[in-house]
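What follows is one structure encoded as structure tokens, with my remarks underneath.
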Amino acid sequence: MSQTSPENYDRLLHQYLNNSSSIRDALLEPLPQPSSLESAFVRLNLSGNPSLQSSFLPLAPPAYDAFGNYLVQKLIEVCNENQRTEILHVVTKEKFELVAICLNPHGTRAVQKLLEHLTTPQQISCIMLALRPSAVTLTNNMNGHHVILHCLKNFSNEDNRYLLNAVADHCVEIATDRSGCCVLQQCVEHAQGEPRERLISEITENALLLSQDPFGNYVVQYILDLHIPHLTEDILRQLEGNFVSLSLQKFSSHVVEKCLKYSEVEQSTRIIRELLSSCDFFMLPLHEYANYVIQSALSVAKGPIRNALVGSLLQMHFPSMRSNPYGKRIVQWINANK
């Protein structure tokens, strides 16, 4: 397969999917929709008549069909290794064919079934060669991301190396996508060695941006949930100087809370000191999101920094805090922990 830049690849894939004159359109005529009984009959006949299996090998395109994909799945289950290799050649012969199948709500099931039954390094290499240029497209697609997840869970770190590197190259784009943010977390979980370190490095270096994103904040929280001290410190360094503004935002306030809860005493003290030194500190206890940050700070603060935090809150106008739906939670905490 010739080398194509990611930008050109996405453009070519889009053209392929929308080009009515392509070979794909000629092959992928909609199949007549059989009844569930007819589908079951086909599956039974394939199981009981091995001689029929070879004649159906060229029919990989029905993977796109709501009913035909079950036929393809059954073929994959009952065929032998050589026939399975032939199916692989059919679906990878055209440059974008396998990717297009993965992006289809019915086709993705057939591809996952195929991945389950790969038995040789050559078969895995063939499928990964076809998938790897479109790693980002698949990761951010509601159908395609299931194929990427299957690769992560069932193939070796070496088999997945190119996919993992592609994900790291487009970390922000993937982390800020609804499907991509989930896949990125799975990439970190299943990767090993250098690919894993690179993924984590890309996430931590972009922690400030990701923390404020509706989906990216979950990726930052995932890294904090690993409870690895030097990774927590890396994230804190990226967020330093921004804890007040982050506390006032819906998504990033969750990240600040987790930073406080999972930090060492010295680290949480730095965060609280930054909050206290801000001229906007008085806003935090009365804010719909930041009040939770203050509650977290109160729960982890110890010694002098706790006294400074409570003292600053006591200096505020308590009647106004009591009348505020968020501030009264802070008042209740202070009264309960005198």
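For Lys328 and Glu274, compute 0.36 nm times the residue count separating them, minus their Cα-Cα distance, and round to one decimal in nm.
Values: separation 54, 0.36 × 54 = 19.44 nm, distance 2.30 nm.
So the extension gain works out to 17.1 nm.
Between Thr176 and residues 5 or more places away or on another chain, which pairs have amide H atoms under 5 Å apart, with H built 1.01 Å from N, and which residues are they?
So Thr176 has HN proximity to no qualifying residue.
Cα-based Rg (one decimal) and Dmax (whole number) for region 269-338, in Å?
10.9, 30
Which pairs break 27 Å Cα to Cα here: Lys250/Lys328; Lys153/Lys261; Lys258/Lys302?
Numbers: Lys250/Lys328 20 Å; Lys153/Lys261 31 Å; Lys258/Lys302 17 Å.
Distance filter (> 27 Å) returns Lys153/Lys261.
Report the normalised scattering of region 85-164 as log10 I(q)/I(0) at q = 0.16, 0.21 Å⁻¹, calculated by the Debye formula with identical scatterers on the alpha carbons.
Here the Debye-derived log intensity ratios amount to -0.49, -0.90.
Net charge near Phe215, counting Lys/Arg +1 and Asp/Glu -1 over other residues with Cβ under 12 Å of its Cβ?
-2
What does a probe at Ser245 reach in region 257-271, counting residues whose amide N is under 18 Å from the point 7 Å along Cα→Cβ?
Zone members listed by number: 257, 271.
What list do you get for Ser323, Ser201 if you sort them by fewest beta carbons within 10 Å?
Values: Ser323 11, Ser201 14.
Result, fewest neighbours first: Ser323, Ser201.
From Cα pairs below 8 angstrom and at least 6 apart in sequence, can you work out the relative contact order of region 93-249, rounded to a whole percent? Don't skip to the end; give the middle numbers.
Working: 175 pairs, mean separation 27.9, N = 157.
18 percent.
To make sure I understand, if each residue's beta carbon is the centre and we count other beta carbons within 10 Å, what order do Leu208, Leu129, Leu75, Leu199 fall in, fewest to most?
Details: Leu208 18, Leu129 13, Leu75 27, Leu199 22.
Sorted ascending by nearby Cβ count, the order is Leu129, Leu208, Leu199, Leu75.
So how many Å³ per residue does the convex hull of the Cα atoms of region 230-322 work out to?
Numbers: hull volume 7.7 nm³, N = 93.
Convex hull of Cα atoms, per residue: 83 Å³.
What is the ratio of the Cα radius of gyration of region 99-247 to 2.2 N^0.38 Å, where N is its residue count, to two decimals?
On the way: Rg = 16.1 Å, N = 149, 2.2 N^0.38 = 14.7 Å.
Expressed relative to 2.2 N^0.38 Å, the Cα Rg reads 1.09.
Can you run phi through the Karplus equation (6.51, -1.76, 1.60; θ = phi - 60°) for region 91-99 and list ³J(HN,Hα) in whole Hz, with x for Gly and Pro?
7, 10, 4, 8, 3, 9, 4, 4, 4
Tell me, what is the FRET efficiency for Thr120 and Arg237 to the nearest 0.05, using R0 = 45 angstrom and their Cβ-Cβ distance as r?
Working: r = 46 Å, r/R0 = 1.03.
Efficiency, from the Cβ-Cβ distance: 0.45.
Output ³J(HN,Hα) for region 188-200: one whole-Hz value per residue in order, computed from phi by the Karplus curve 6.51 cos²θ - 1.76 cosθ + 1.60 with θ = phi - 60°, and x for Gly and Pro.
5, 5, 9, 6, 9, x, 4, x, 5, 4, 5, 4, 5
Give me Met321, Met142 ranked fewest to most by other Cβ atoms within 10 Å of their Cβ, as a rough exposure proxy. Don't skip to the end; give the middle numbers.
Details: Met321 21, Met142 12.
Sorted ascending by nearby Cβ count, the order is Met142, Met321.
When the Karplus curve 6.51 cos²θ - 1.76 cosθ + 1.60 is applied with θ = phi - 60°, which whole-Hz ³J(HN,Hα) does each residue of region 236-252 get, with x for Gly and Pro?
Running phi through 6.51 cos²θ - 1.76 cosθ + 1.60 with θ = phi - 60° gives 4, 5, 5, 8, 4, x, 10, 5, 5, 5, 5, 5, 8, 10, 4, 7, 6 Hz.
Counting pairs of alpha carbon atoms under 8 Å apart in space and at least six apart in sequence, what relative contact order in percent does region 100-183 give? All intermediate terms of the calculation are to be shown ahead of the outcome.
Working: 75 pairs, mean separation 27.9, N = 84.
Here the relative contact order equals 33 percent.
Every read-out reported here was derived from the displayed coordinates using simple, explicitly stated rules and does not represent laboratory data. Everything numeric in this text was worked out from a predicted model, so none of it was measured. Every residue, glycine as well, gets a Cβ built from its backbone with ideal geometry; the counts of neighbours run over all protein chains shown.
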